[in-house]
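Peer 1: Encoded as structure tokens, here's the structure I'll be asking about.
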Amino acid sequence: MNKVFLIIALLFSILSWAGNDKDKSKEIGFAVGTGYYLGELNRNHFGGELKLGGGLFYRQNIDRRWSFNFGVHYFELGAYDSKSKDPWKVNRNLHFKNPILETSAIAELNFFPYQIGSKQDFFTPFLFLGIAHYSMRPMAEYNGAWYELQPLGTEGQGTSAATKAPYKVGGLSLPYGFGIKMNITRGLALNVTYGMRSASSDYIDDVSTAYADPLVLRLESGVLTQELSDRSLEGIGLNDSNAFVERGDPTNNDFYAFTTFALTLRIDKKPGSCWGGR
């Protein structure tokens, strides 16, 4: 992933010097939409818990084909095993919610020449690719209250039985996707965007490896950690204990996605120029 980030950074640098001045423009946008995640508790696109989120962004149009987008978005992700059609997941009985705060820098490529406010170049589909940083707080409900899971170490992190260090509550992701841009009035446009994020963590849902030894969790991390680690309806291991039994899949990191509708406003206007030009 580091090589991809380097390529994107070089692309940003090259494009920042390119473009015709008359085709350059600046926009700000406000987006609303929904987010979902793909991981151990949800394998289906647009599955899990879909909740409203949103964000703000600034766009620098280099020319009518290329632009940079710098944004901040907030969404809450979540999923419940109890809503799965897979009996194994229903028995596992885990759930989570996770507020995600993301900052991103993205390069956009328009299929057609486009400029906000233009009467001629007023519509285009586009592709995008960039880099982002996300912060997260996986949580689960227990007896009517929500608890942050990372400090508890539900897979034995921080105990004598740990096979992994505590995971980080932030990291880098690779945003990529597509959308459309369409002018509404002079200086005002509608953007519809769908984008996936390849996260650098397998713990957006706090699930990755195997169940820890419940006795170790109880003695070293407390009863709450033990209870939130194993919510299964029935034990499937020896003597109905799930210790060291598969809890997640550590071979793949998690993904998350945003679908947004945004209004963008052009914020630059050269002296003597008109919003509604070519």
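Peer 1: Can Tyr203 be described as hydroxyl-bearing (Ser, Thr, Tyr), buried (at least 22 other Cβ atoms within 10 Å of the Cβ) and modelled with pLDDT of 95 or more?
Peer 2: Numbers: hydroxyl-bearing (Ser, Thr, Tyr): yes; buried (at least 22 other Cβ atoms within 10 Å of the Cβ): yes; modelled with pLDDT of 95 or more: yes.
Yes.
Peer 1: Moving on. Going by the conditions given, is Gly235 of a type outside the set (S, T, N, Q) and touching a residue at least 40 places away in the same chain (Cβ under 8 Å)?
Peer 2: Details: of a type outside the set (S, T, N, Q): yes; touching a residue at least 40 places away in the same chain (Cβ under 8 Å): no.
Answer is no for this residue.
Peer 1: So which residues in the range 200-231 are over 14 Å from Asp249 (Cβ atoms), among the aliphatic types (A, V, I, L, M) and touching an Asp or Glu at 6+ places or on another chain (Cβ under 8 Å), if there are any at all? Reasoning before the result, please.
Peer 2: Taking the range 200-231 first, the residues over 14 Å from Asp249 (Cβ atoms) are 200, 212-231.
Those left that are additionally among the aliphatic types (A, V, I, L, M): 212, 215-217, 219, 223-224, 228.
Scanning the range 200-231 gives a single hit, Ala212.
Peer 1: Could you check, for the range 206-219, whether at least one of its residues is in a strand (DSSP E or B) and not acidic (Asp, Glu)? Full working, then the answer.
Peer 2: Initial filter on the range 206-219 (in a strand (DSSP E or B)): 210.
Keeping just the survivors that are not acidic (Asp, Glu) gives 210.
Looking for residues that are in a strand (DSSP E or B) and not acidic (Asp, Glu), one finds at least one in the range 206-219, hence yes.
Peer 1: Which count do you get for residues in the range 155-177 that are touching a strand residue (DSSP E or B) at 6+ places or on another chain (Cβ under 9 Å) and either surrounded by 16 or more Cβ atoms within 10 Å (Cβ to Cβ) or under 28 Å from Glu220 (Cβ atoms) (or both)? Outline the logic, then answer.
Peer 2: Residues of the range 155-177 that are touching a strand residue (DSSP E or B) at 6+ places or on another chain (Cβ under 9 Å), as a first pass: 155-156, 163, 169-177.
Pick out the ones that are also either surrounded by 16 or more Cβ atoms within 10 Å (Cβ to Cβ) or under 28 Å from Glu220 (Cβ atoms) (or both) and you get 155-156, 163, 169-175, 177.
Of the residues in that region, 11 qualify.
Peer 1: Same structure, new question: Read through the list (1) in contact with a Gly (Cβ under 8 Å, 6 or more places away or on another chain); (2) modelled with pLDDT of 95 or more, then give the number of the only condition that Thr163 fails.
Peer 2: The failed condition is (2).
Peer 1: Could you check the range 80-121 and list, in sequence order, the residues that are over 18 Å from Ser173 (Cβ atoms) and without any contact (Cβ under 8 Å) to a residue 40 or more places away in the chain?
Peer 2: Hits for the range 80-121 are Tyr80, Ser82, Lys83, Lys85, Asp86, Pro87, Trp88, Phe111, Phe112.
Peer 1: Looking only at the range 12-54, which residues are modelled with pLDDT of 60 or more and aliphatic (A, V, I, L, M)?
Peer 2: Scanning the range 12-54 gives Ile28, Ala31, Val32, Leu38, Leu41, Leu50, Leu52.
Peer 1: Still on this structure: Show the residue pairs that are 6+ apart or on different chains and have beta-carbon atoms under 6 Å apart, the first residue being within the range 55-69 and over 14 Å from Asp268 (Cα atoms) and at pLDDT 95 or above, the second being of a type in the set (Val, Ile, Thr) and part of a strand (DSSP E or B).
Peer 2: Listed by first residue and then by second, the contacts come to Gly55/Val72; Leu56/Val72; Asn69/Ile106.
The values are calculated or read from the model by the stated rules, or taken from the named source; none is laboratory data. Quick caveat: nothing in here was measured; it's all calculated off a predicted structure. In this analysis, Cβ positions are derived from the backbone assuming ideal geometry, glycine residues included, and neighbour counts consider all displayed protein chains.
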